[in-house]
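K.L.:
My questions all concern the structure below.
The values are calculated or read from the model by the stated rules, or taken from the named source; none is laboratory data. Since this is a predicted model, take the numbers as computed values, not measurements. Positions of Cβ are backbone-derived with ideal geometry, glycine not excepted, and every protein chain shown enters the neighbour counts.
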Amino acid sequence: MSARLRSRPAIALALIVLPVIAVVVTLASLRGSDAARPAQIGDTRALTLADPDGDGLLQRLPGEPLRDRTELATAARPGKPLATFGQLSDAHVRDEESPALVGFLDRLGAPFESTFRPQEALTTQVLAAAARTLNAARPDAVLVTGDLIDNDQRNELAMALATLDGATVRPDSGARGYDGPQLQSNADPSYYRPAVDPPRRPGLLQAAQRPFASAGLRAPWWAVAGNHDLLVSGELAPTPRLQAVAHGSRALVRPPDDLAIPRDQAGLTNGLDALLARGLPGTTTPRPADPGRAQLPAAEVLARLRSGGHGRGSGPLLDYTIDLGPRVLGVVLDTVRRDRGSGGLVTAQTLAFLRAALAAAGERWVVVFSHQPLATAVGGDAALALLDRAPRALATVAGHTHRNRITPRKTRSGGFWQITTASLADYPQQARMLRIRATAQRGAVIETWMLDTARGRLADTARELAFLDAQGGRPDRAAGSRLDRNVRLFR
């Protein structure tokens, strides 16, 4: 986590200087026959949203056609599709009313990041809009590469599963209606209040709490474990004291000015638990309790995913394989620590699993999925070394970084592409499509392109706020470069 302060004066100043975004993406905005093709809902090959002149106003611009990237192989004519699948990552479905959230840490500086987002009440609506876009693109499968939920809570998992499986989603928690830090009555300048702060959106919080029917994903979807799925705030294993805060009826909204929070990982874990032994420090406010806010042990989260058909295997790790096509094998790796820390970890068990999966792949192309990129995970160098020697390794696909990025990894065996995809929680709130095609001389090409979330008042408002957010918005450049989005990756 890194820190970029979100104070109301700073937000207000930015929003006064910058025009309020008017982002309305409709099928009618596409010309001619484009409007009749469902696959172009949110498809950035047909239409993009960007701020070309830097004035803070997102504009509808022509789409970005696929560009060739030939760092690993020369361009060749793409043949028949071997696999077509989607990726969405880091949805961070959040119970934004939970006393266990630590939005007050934003003001304390590094290493804290994104503990409060101005669009945080809209995470289920954004996820539902992403599902509609993916449905229009018609993938054969969707990989959800971690951080589906935000704070390891039972009710967050229930909301996320209802959204993706297609059911009635009930975003509200506690008492009926919104009870959180964005209320108009909260005088703390560190929080955006949509009823009174620019851009004013009266009624937004009330609308965000209403139940809605989600269409869900039509394609089967497969889960990859993320640190926020299994750890409180993505950092800490549940403890009795943390559980007591989640189940409690008071929330800390402002810490004392002299509050000292340890910045290292071990100190944060032990220090926070010791701090809570003396009760919540600083200014607190009543918050209606909800038993659904129980923080789950990792085994229960994985059991829920497996029982719903969104993960395979057994045991303490979510390592498994799936057939993405008759000639493409997907390998899902669990890189989440179970004690503390957001960084990735490739255990000896996961490494052995990867070794066996590569040996069993035969002549199939292999795509490896993880939450944290292998290149940054502890033990990830050993996993990459296995892939370096695998002649049919095609790509690694990850999330966690909240940004679009594609880099080649050249090896004697031919190399593979390392792909990360932006977050649904932060701007640009995009999913990714990937289609693998055969080429001549036993080669392959990955055609990949970004998908904006489908049109919807709440999803559009979430994008607007995410773009203006001082942490995850346009200053962060999370959309990546042109070559990190709509490209053909030859191998």
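Conditions (1) buried (at least 24 other Cβ atoms within 10 Å of the Cβ); (2) part of a strand (DSSP E or B); (3) of a type in the set (G, A, S); (4) out of contact with any Asp or Glu (no Cβ under 8 Å at 6 or more places or on another chain), marked per residue:
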position: E96; (1), (2), (3), (4): yes, no, no, no
position: F116; (1), (2), (3), (4): no, no, no, no
position: L134; (1), (2), (3), (4): yes, no, no, yes
position: D179; (1), (2), (3), (4): no, no, no, no
position: P189; (1), (2), (3), (4): no, no, no, yes
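K.L.:
If a residue has to be touching a residue at least 24 places away in the same chain (Cβ under 8 Å), outside any strand (DSSP E or B) and either surrounded by fewer than 17 Cβ atoms within 10 Å (Cβ to Cβ) or among the hydrophobic types (A, V, I, L, M, F, W, C) (or both) to count, how many in the stretch 316-326 make the cut?
P.N.:
The total comes to 3.
K.L.:
Turning to a different aspect of this structure: Is it the case, given these coordinates, that T396 is closer than 30 Å to A76 by Cα, within 24 Å of the chain's Cα centre (by Cα) and free of Cβ contacts under 8 Å to residues at least 24 places away in the same chain?
P.N.:
It is false that T396 is closer than 30 Å to A76 by Cα, within 24 Å of the chain's Cα centre (by Cα) and free of Cβ contacts under 8 Å to residues at least 24 places away in the same chain.
K.L.:
Right, something else. If I ask for residues that are part of a loop (DSSP other than H, G, I, E, B), of a type outside the set (D, E, K, R) and more than 17 Å from R60 (Cα to Cα), which ones from the stretch 455-485 would you list?
P.N.:
Once the filter is applied, which keeps residues that are part of a loop (DSSP other than H, G, I, E, B), of a type outside the set (D, E, K, R) and more than 17 Å from R60 (Cα to Cα), the stretch 455-485 yields A470, Q471, G472, G473, A478, G480, S481.
K.L.:
A further question on this structure: Output the residues belonging to the stretch 272-315 that are within 21 Å of V102 (Cα to Cα), of a type in the set (G, A, S), part of a loop (DSSP other than H, G, I, E, B) and modelled with pLDDT of 90 or more.
P.N.:
A289, A294
K.L.:
Shifting gears a bit: How about the stretch 197-246: which of its residues are part of a loop (DSSP other than H, G, I, E, B) and closer than 19 Å to Q153 by Cα?
P.N.:
P211, V224, A225, G226, L231, S233, G234, E235, A237, P238, T239
K.L.:
Give me the pairs: first residue in the stretch 173-195 and within 24 Å of D257 (Cα to Cα), second residue among the hydroxyl-bearing types (S, T, Y) and in a loop (DSSP other than H, G, I, E, B), beta-carbon distance under 7 Å, and six or more apart or on different chains, which are they?
P.N.:
Short answer, once both residue conditions are applied: P181/Y191; Q182/Y191; Q182/Y192; P189/S7; S190/S7.
K.L.:
Select from the stretch 275-319 the residues that are among the small types (G, A, S) and under 21 Å from R154 (Cα atoms) and list them in ascending order.
P.N.:
A289, G292, A294, A298, A299, A303, S307, G308, G309, G311, S314, G315
K.L.:
Tally time: how many residues in the stretch 136-172 are among the hydroxyl-bearing types (S, T, Y), crowded, with 24+ Cβ neighbours inside 10 Å and more than 22 Å from T401 (Cα to Cα)?
P.N.:
Final tally of qualifying residues: 1.
K.L.:
Separate question: Looking at this structure, is S114 under 22 Å from A398 (Cα atoms) and modelled with pLDDT under 95?
P.N.:
Yes, satisfied.
K.L.:
So which residues in the stretch 327-342 are closer than 22 Å to T401 by Cβ, basic (K, R) and not in a strand (DSSP E or B), if there are any at all?
P.N.:
R337, R338
K.L.:
Let me ask something else about it. Restricting to the stretch 23-71, and then to whatever is of a type in the set (S, T, N, Q), in contact with an Asp or Glu (Cβ under 8 Å, 6 or more places away or on another chain) and at pLDDT 85 or above, can you tell me which residue is nearest to D469 (Cα to Cα)?
P.N.:
Q59
K.L.:
Oh, and also: Taking the stretch 42-86 only, how many residues are without any contact (Cβ under 8 Å) to a residue 12 or more places away in the chain and assigned to a loop (DSSP other than H, G, I, E, B)?
P.N.:
Summing the residues that are without any contact (Cβ under 8 Å) to a residue 12 or more places away in the chain and assigned to a loop (DSSP other than H, G, I, E, B) in the stretch 42-86 gives 3.
K.L.:
Of these, Q418, Q441, which one is surrounded by fewer than 24 Cβ atoms within 10 Å (Cβ to Cβ), at pLDDT below 95 and not acidic (D, E)?
P.N.:
Only one candidate passes the filter, namely Q441.
K.L.:
Do we have A395 as crowded, with 16+ Cβ neighbours inside 10 Å, hydrophobic (A, V, I, L, M, F, W, C), modelled with pLDDT of 95 or more and under 30 Å from Q471 (Cβ atoms) here?
P.N.:
So A395 fits the description; yes.
K.L.:
Determine the pairs where a residue that is more than 12 Å from D165 (Cβ to Cβ), located within the stretch 298-310, has a partner that is part of a loop (DSSP other than H, G, I, E, B) and among the charged types (D, E, K, R) with Cβ atoms under 8 Å apart, the partner being 6 or more residues away or on another chain.
P.N.:
Listed by first residue and then by second, the contacts come to A298/R338; V301/D152; R306/R312.
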